[in-house]
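The values are calculated or read from the model by the stated rules, or taken from the named source; none is laboratory data. None of these values were measured; they are calculated from a predicted model. For neighbour counting, all protein chains shown are included, and Cβ atoms are generated from backbone atoms with ideal geometry for every residue, glycine included. The protein model used for the area step is the full one, side chains on, heavy atoms only, and it has no ligands, DNA or RNA in it. Shrake-Rupley method; radii C 1.70, N 1.55, O 1.52, S 1.80 Å.
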2 protein chains.
Amino acid sequence: MVRQREFDKEKALDDAMELFWEKGYAATSISDLTATMGIQRPSLYATFGDKEKLFEAALRKYTNLHASLIRKKLQNTTSVKEAFRNLFEEMIEEEYKNKVSKGCFCINTIVELAPHDEKFEILTREHEMYLSVIFQETLLKGIKSGELESNLDVKALAQTLVVALIGVTVLLKSHPERSFVDKSVTLILSLIK
Amino acid sequence: MVRQREFDKEKALDDAMELFWEKGYAATSISDLTATMGIQRPSLYATFGDKEKLFEAALRKYTNLHASLIRKKLQNTTSVKEAFRNLFEEMIEEEYKNKVSKGCFCINTIVELAPHDEKFEILTREHEMYLSVIFQETLLKGIKSGELESNLDVKALAQTLVVALIGVTVLLKSHPERSFVDKSVTLILSLIK
DNA sequence: ATCATTTAATACCATTCGGTATATTATACT
DNA sequence: AGTATAATATACCGAATGGTATTAAATGAT
């Protein structure tokens, strides 16, 4: 090996992630990518393969970051109910703050690519399943601590929270009245007893 | 007027709707459209304007059909609870039946276009709001008939059902285990008391 | 200092993109 | 029957697409 790479591979991948996240797969061109990543076109192909490979790498990076972020937010407090409430509220707050709402990269990919590419169907499904496992663990902790009722159907509730999270994330992209989503989140969270 | 159009405009629009619904806006090319619609390229532009206009017309047609379909399904029974259960279950059944799951054209558009085009943000938002109104009316009927508790927060519940419908529709595109979505739908529907 | 090697940069490739100009064909009205 | 009109069909447009071949530049090892 002789000449060393001038750009930071992880930083470039981060930039690609942000762009795919915002614009989706089809609407993002290689020129868009190289401009955002600050690298030359042949460097992109040499480093990441092709457009689809780069997208997959970006999505994998996202799901890892996203899962650990969710996990962290759910650990960060003593009350499980409050933890879930904070999780939803922070997401809502975040989405109303930014001018263009990117939503969730994984959800965007479910909608755009999962039905047409089994690779992404599997990748995105496994992420959602993983989220429901994190939710289950959190709920179990709440039962053990005595905060939640012991006869709670933890699995069903965790899966419902995933469905609700997806629903809210998508709906937020159409910028509904704040009260709309607030009310439904409150009602959903009332299932955590 | 002299020579008459050889193709059926509504039929062509239907075909365009199906294609945009399945593939999204960016991934659908004019050539795809003319092939599916069975018309020539200049006929498409003469009749529908351009790609975006055609997409908008297709989406408007979809939202109208979708709203009346939902309305019809919710009217079709005596029990409101059962009506909602049927609504969700039929959608799930439908999605597992087809090889490629198209989901909901409106939801697909929220994810792909709403954040980047205010026209579609408004159009899709209004459709979701309209669905929640249909849900509200249905719930109110249930209260009047004595089936549902009179102290039910109809608005919040209707909005929650919209969120859940969106969540389930999106999640189905990743083909999760059937029990996953069944369980969460059951739990969501338990909110209708 | 030279040389092999890997990077970066420019330029280019065929193909496809959305959108039209042009020419041809078919019909309702005079 | 002839003509005006509008729909068809073919061919084409410049621009942008994803992807590379080629050249120039930079660095570690000898």
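Listed values, structure above:
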{"read-out": "Flag for A:T109 being within 12 Å of chain B (Cβ to nearest Cβ) and either on the phi > 0 side of the Ramachandran plot or outside any loop (DSSP other than H, G, I, E, B) (or both)", "value": "yes"}
{"read-out": "Residue in region A:6-16 that is farther than 30 Å from A:R178 by Cα, surrounded by fewer than 13 Cβ atoms within 10 Å (Cβ to Cβ), within 15 Å of DNA strand C (Cβ to nearest atom) and within 14 Å of another protein chain (Cβ to nearest Cβ) present", "value": "no"}
{"read-out": "Filter result (open to solvent by 80 Å² or more (accessible area, probe 1.4 Å) and over 13 Å from the mean Cα position of the chain (by Cα)) within region A:60-79", "value": "A:K72, A:Q75, A:N76, A:T78"}
{"read-out": "Qualifying residues in region A:152-174 (those that are closer than 17 Å to A:I70 by Cα and not aliphatic (A, V, I, L, M)) - the one farthest from the other protein chains (Cβ to nearest Cβ)", "value": "A:T169"}
{"read-out": "Test: B:Y62 is away from DNA strand C (no atom under 16 Å from the Cβ) and not acidic (D, E)", "value": "yes"}
{"read-out": "Matching residues, region A:54-80, being near DNA strand D (Cβ under 10 Å from one of its atoms) and aliphatic (A, V, I, L, M)", "value": "A:L54"}
{"read-out": "Some residue of region B:174-181 being closer than 29 Å to B:T28 by Cα, surrounded by 24 or more Cβ atoms within 10 Å (Cβ to Cβ) and of a type outside the set (D, E, K, R)", "value": "yes"}
{"read-out": "Residue satisfying condition, being part of a helix (DSSP H, G or I) and aliphatic (A, V, I, L, M), within set A:L152, A:L191, A:L157", "value": "A:L157"}
{"read-out": "Qualifying residue in region B:80-87 (condition: within 26 Å of B:D182 (Cα to Cα) and within 15 Å of the chain's Cα centre (by Cα))", "value": "yes"}
{"read-out": "Scan of region A:117-145 for residues that are farther than 23 Å from A:T186 by Cβ and either basic (K, R) or modelled with pLDDT under 95 (or both), ordered by number", "value": "A:K119, A:R125, A:K144"}
{"read-out": "Subset of region A:17-31 [more than 11 Å from DNA strand C (Cβ to nearest atom), in a helix (DSSP H, G or I), of a type outside the set (F, W, Y) and open to solvent by less than 50 Å² (accessible area, probe 1.4 Å)]", "value": "A:M17, A:L19"}
{"read-out": "Checklist (1) modelled with pLDDT of 95 or more; (2) more than 16 Å from DNA strand D (Cβ to nearest atom); (3) open to solvent by less than 70 Å² (accessible area, probe 1.4 Å); (4) out of contact with any Ser or Thr (no Cβ under 8 Å at 6 or more places or on another chain) applied to A:V100, failing item", "value": "(1)"}
{"read-out": "Index of the failed condition, A:I92 passing every other in (1) closer than 18 Å to A:A26 by Cβ; (2) open to solvent by less than 20 Å² (accessible area, probe 1.4 Å); (3) more than 13 Å from the chain's Cα centre (by Cα); (4) of a type outside the set (S, T, Y)", "value": "(1)"}
{"read-out": "Hey, B:E128 without any contact (Cβ under 8 Å) to a residue 24 or more places away in the chain and either among the hydrophobic types (A, V, I, L, M, F, W, C) or part of a helix (DSSP H, G or I) (or both) or not", "value": "no"}
{"read-out": "Identity of the residue in region A:34-53, assigned to a helix (DSSP H, G or I) and within 8 Å of DNA strand D (Cβ to nearest atom), that ends up least open to solvent (accessible area, probe 1.4 Å)", "value": "A:L44"}
{"read-out": "Only one of A:E149, A:E177 that is free of Cβ contacts under 8 Å to residues at least 24 places away in the same chain, among the charged types (D, E, K, R) and more than 7 Å from chain B (Cβ to nearest Cβ)", "value": "A:E177"}
